[in-house]
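Undergrad: To start, I am sharing the structure in question, which I have written as structure tokens.
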Amino acid sequence: MTARDPRRSFDQPHPARLASTAPGYDSIMKAHREAIERGDDGYIDPATGAFVFTAAYLAGRDCCSCGCRHCPFVAS
């Protein structure tokens, strides 16, 4: 299993995966945070309608190298 970067928490996606300047960033992060609070595996992206896994869900798996938005294994 690839080690999760301990410097980033689940509520801070790697900037290469989701920059804080991205359109809809605040609503995306709100949906992510609410999904984690509910214990959901993911959420519906408010901009695209796509299902997105949460960092908490992904942390329980090995990195698949697919470029997941909230991947907790992406190195800084």
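Undergrad: Lys/Arg Cβ at +1, Asp/Glu Cβ at -1, dipole of the chain taken about the Cα centre: which of ILE44, SER27, PRO72 is farthest positive-ward?
TA: About the Cα centre, the residue reaching furthest to the positive side is PRO72.
Undergrad: Tell me which residues come under 5 Å, amide H to amide H, from GLY42 once H is placed; ignore anything under 5 positions away on its chain.
TA: Result for GLY42 returns THR54.
Undergrad: 5 Å is the cut-off here: which amide hydrogens, built 1.01 Å from N in the peptide plane, fall below it relative to CYS63, excluding neighbours closer than 5 in sequence?
TA: Under 5 Å from the amide H of CYS63: THR2.
Undergrad: Work out from phi, with θ = phi - 60° and the Karplus expression 6.51 cos²θ - 1.76 cosθ + 1.60, the ³J(HN,Hα) of each residue of the stretch 38-53, listed in order in whole Hz, and give x for Gly and Pro.
TA: Rounded to whole hertz, the list is 7, x, 6, 6, x, 8, 8, 4, x, 8, 10, x, 7, 7, 10, 6.
Undergrad: Quick one: putting +1 on the C-beta of Lys and Arg, -1 on the C-beta of Asp and Glu, what dipole do you get for the chain around its Cα centre, in Debye to the nearest 20?
TA: Details: 9 positive and 9 negative charges, 43 e Å.
Its charge dipole is roughly 200 debye.
Where a number appears in this text, it was derived from the coordinates with a stated rule and is not lab data. Computed from a prediction, not measured in an experiment: that's the story for all the values here. Don't worry about glycine lacking a Cβ; one is built from the backbone with ideal geometry, like all the others, and counts go over all protein chains shown.
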